[in-house]
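Novice: My questions will all concern the structure given below.
The values are calculated or read from the model by the stated rules, or taken from the named source; none is laboratory data. The structure presented is a predicted model; accordingly, all values stated were derived computationally and were not measured. Note that we place each Cβ from the backbone using ideal geometry, even for glycine, and neighbour counts take in every protein chain shown. These accessible areas exclude ligands, DNA and RNA; they are computed on the full protein's heavy atoms, side chains included. Shrake-Rupley method; radii C 1.70, N 1.55, O 1.52, S 1.80 Å.
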Amino acid sequence: MSRRPILTGFALIAAILGWYFFRPERAFINRSVTEPLPQSETAEIVLQGTFHSNAHDTRGAATVHRLSDGRLVLRFTDFETSNGPDVQIYLVAASDVNHESDAKQGFINLGAMKGNIGDQNYDIPAGTDLSRYRAVSVWCQRFAVNFGAAPLAPPRRS
């Protein structure tokens, strides 16, 4: 009996599993989002920052808004990064996220990245201590890699 069909079968299974786990097409397909800030009588900016790159080129602004009903919303504007499998948005208990170990100080997962390009909002859970969580990270859970991060600070008052 020839080994060729068996090896071909194993190669096919390995290719399917590789595609499933790595999802290489997501690295090349952009997903744009244009989401307005939620309707509110007032939206006070309580924290703000600018993204810097880590494992992937990342840019844009991150702001935390307190809406008139008291809810907190993390907003990305002019945001752009790479796409990838299982990319999540973390609010991190560190002043910045430059290394993967920074995220181990604690984080709140705000959910899957809605798009790798554009303006988007993420709800921050009620009761979150913003004096503890002072950075946002675009984090690939599958590979434990920080695409980019934005340290957050109170806005400068004139």
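Novice: Check the stretch 101-111 and report whether any residue there is within 24 Å of Gln39 (Cβ to Cβ), modelled with pLDDT of 95 or more and either open to solvent by less than 10 Å² (accessible area, probe 1.4 Å) or touching a helix residue (DSSP H, G or I) at 6+ places or on another chain (Cβ under 9 Å) (or both).
Specialist: Scanning the stretch 101-111 turns up no residue that is within 24 Å of Gln39 (Cβ to Cβ), modelled with pLDDT of 95 or more and either open to solvent by less than 10 Å² (accessible area, probe 1.4 Å) or touching a helix residue (DSSP H, G or I) at 6+ places or on another chain (Cβ under 9 Å) (or both).
Novice: Here's a follow-up. Taking only pairs six or more apart or across chains, which ones have beta-carbon atoms under 7 Å, a first residue in the stretch 140-158 that is loosely packed, with under 12 Cβ neighbours inside 10 Å, and a second residue that is modelled with pLDDT under 90 and of a type outside the set (A, V, I, L, M, F, W, C)?
Specialist: Going by the 7 Å Cβ cut-off, the qualifying pairs are Ala144/Glu100.
Novice: Okay, next question. Return the total of residues in the stretch 75-128 being acidic (Asp, Glu) and in a loop (DSSP other than H, G, I, E, B).
Specialist: Going through the stretch 75-128 one residue at a time, the tally reaches 2.
Novice: A follow-up question, please. Please state which of the following conditions Ser131 fails to meet, knowing it meets all the rest: (1) under 19 Å from Leu37 (Cα atoms); (2) open to solvent by 70 Å² or more (accessible area, probe 1.4 Å); (3) without any contact (Cβ under 8 Å) to a residue 24 or more places away in the chain.
Specialist: Of (1) under 19 Å from Leu37 (Cα atoms); (2) open to solvent by 70 Å² or more (accessible area, probe 1.4 Å); (3) without any contact (Cβ under 8 Å) to a residue 24 or more places away in the chain, only one is false for Ser131: (1).
Novice: Only one of Arg59, Arg75, Arg31 is touching a residue at least 12 places away in the same chain (Cβ under 8 Å) and over 24 Å from Arg156 (Cβ atoms); which?
Specialist: Working: Arg59 fails: over 24 Å from Arg156 (Cβ atoms); Arg75 fails: over 24 Å from Arg156 (Cβ atoms).
It is Arg31.
Novice: Tell me, which residue of the stretch 81-94 that is modelled with pLDDT of 95 or more and of a type in the set (S, T, N, Q) is nearest to the chain's Cα centre (by Cα)?
Specialist: Gln88
Novice: Has the stretch 70-79 got any residue that is under 14 Å from Asn146 (Cβ atoms), open to solvent by 30 Å² or more (accessible area, probe 1.4 Å) and among the hydroxyl-bearing types (Ser, Thr, Tyr)? Outline the logic, then answer.
Specialist: So the first thing to find is which residues in the stretch 70-79 are under 14 Å from Asn146 (Cβ atoms), and the list is none.
Within the stretch 70-79 (the criterion being under 14 Å from Asn146 (Cβ atoms), open to solvent by 30 Å² or more (accessible area, probe 1.4 Å) and among the hydroxyl-bearing types (Ser, Thr, Tyr)), the answer is no, since none of the residues qualifies.
Novice: Now a separate question. Could you please give the count of residues in the stretch 31-53 that are open to solvent by 50 Å² or more (accessible area, probe 1.4 Å), modelled with pLDDT of 95 or more and under 16 Å from Gln88 (Cα atoms)?
Specialist: Going through the stretch 31-53 one residue at a time, the tally reaches 1.
Novice: Then there's this: Could you run through the stretch 15-30 and say how many residues are open to solvent by less than 60 Å² (accessible area, probe 1.4 Å) and either modelled with pLDDT of 75 or more or assigned to a loop (DSSP other than H, G, I, E, B) (or both)?
Specialist: 1
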